[in-house]
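The values are calculated or read from the model by the stated rules, or taken from the named source; none is laboratory data. Everything numeric in this text was worked out from a predicted model, so none of it was measured. When we count neighbours, we look across all protein chains shown, and the Cβ atoms used for this are built from the backbone with ideal geometry, even at glycine. Heavy atoms of the whole protein, side chains included, go into the accessibility calculation; ligands, DNA and RNA do not. Shrake-Rupley method; radii C 1.70, N 1.55, O 1.52, S 1.80 Å.
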Amino acid sequence: MRHCTSILTLIILTAFFACSDPQFSDKNIEVKAVNITEKLDTLSIRTFYEWGFGHRGEADIFTKHSNNPDSGFYSYSCFYFDNIDSIKLSISRFENFKKDFPCDIQIDTSKYYRVDFTKFKNASVRISAFDNHGQDQIIVEGIPSKELFTTNDPFEKFKYLSDLKDSLGILGNFYRPDIGNFIQFYLSSQHILTYLPDNSNLNPKFKEIWLKEFATGKTIKKNWNFRKLDKPMDNG
């Protein structure tokens with residue numbers, strides 16, 4: 001639960017790293033917001049109900065949403081590193097990951113909290129696991145990617161998600177089914193674009209608060225709200 005909360009925090013705090021570059025001017029950000037509403041429709045928006053996006057350092061962060069409150073609303077997470085000579089996936093909650101990307105590798109998740117898959121240019125994969133003391137162990141090396149993942153390739157999936165994030169120019173997104181059926185996209189440290197479907201299903205406990213938030217913005221397209229915060233989000 002604590003790990004999943006930290007992942008959620010990372011996604012939200014992604015927006016904190018927007019700088020004062022001209023690309024983050026009000027005019028340019030609103031143009032970006034309009035472009036996003038034109039690129040995403042009711043079908044393509046489903047990706048963001050399934051996945052949380054973020055970025056930290058050299059890694060893109062993807063979290064698989066869960067409808068189980070006991071899991072902190074996240075099934076597993078992946079830190080995606082696209083390096084010059086390799087691609088690395090750093091996975092938490094490995095057993096949940098295997099449900100989406102079956103493989104024959106057995107990891108003692110009571111001992112190891114993180115599993116890394118590193119795919120090199122020759123398509124061979126090295127698998128390492130990190131124990132609760134921060135020590136890593138190589139599980140296997142030199143296994144062909146196609147032999148490791150025969151039905152669903154996570155390297156292809158997370159490359160697709162990374163390319164999607166970059167094509168939209170978002171810093172991160174936010175979705176909490178316990179609050180409502182809306183999705184927020186962070187475009188800068190102050191600018192937020194929100195997708196509000198017809199069935200927003202706002203939790204009555206939070207409904208008044210969120211309606212006031214959305215009222216500070218404007219509708220730039222049906223089901224899309226764009227607003228600027230009074231001051232930038234910060235780590236405080």
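Would you tally the net charge around LYS221, using a Cβ to Cβ cut-off of less than 15 Å, leaving LYS221 out, and scoring K and R as +1, D and E as -1?
Details: positive: LYS32, LYS39, LYS218, LYS222, ARG227; negative: GLU30, GLU38, ASP41, ASP198.
So the environment of LYS221 carries a net charge of +1.
Summarise the accessible area of the chain (1.4 Å probe, protein heavy atoms) by the percent that is carbon and sulfur. Spell out each step's value before the answer.
Values: 6290 of 12620 Å².
That share works out to 50 percent.
Taking Cα pairs under 8 Å and at least six residues apart, what relative contact order does region 22-228 come out at, in percent? Don't skip to the answer; put the middle values down first.
Values: 336 pairs, mean separation 31.7, N = 207.
Once normalised by length, the contact order is 15 percent.
Taking 0.36 nm per residue of separation and subtracting the Cα-Cα distance, what length does fully extending ASN199 through ASP136 add?
Values: separation 63, 0.36 × 63 = 22.68 nm, distance 4.61 nm.
Contour length minus the Cα-Cα distance gives 18.1 nm.
How much of ILE192 can a 1.4 Å solvent probe reach, expressed as accessible area in Å² and rounded to 10?
Its heavy atoms expose roughly 10 Å² to the probe.
Roll a 1.4 Å probe over the protein chains and send me the accessible area per residue for the chain in Å².
With all protein chains present, the chain gives 53 Å² per residue.
Averaging the inverse of every distinct alpha carbon separation and then flipping it gives the Kirkwood radius. What is it for region 22-228, in angstrom units? Don't skip to the end; give the middle numbers.
Values: mean 1/r = 0.0533 Å⁻¹.
With all distinct Cα pairs of region 22-228 included, I get 18.8 Å.
Counting only protein chains, not ligands or nucleic acids, how are THR109, THR42 ordered by accessible area (probe 1.4 Å), most first? Intermediate values should be presented prior to the final figure.
Numbers: THR109 70, THR42 100 Å².
Largest accessible area first, the list is THR42, THR109.
Grab the DSSP H runs of the chain that are 4 residues or longer, score each as -39,500 (n - 2.57), total them, divide by all residues and round the 222 nm result to the nearest 500 deg cm²/dmol. Let's see the in-between values first.
Working: 7 runs with 66 residues, N = 236.
Estimated from H runs of four or more residues: -8000 deg cm²/dmol.
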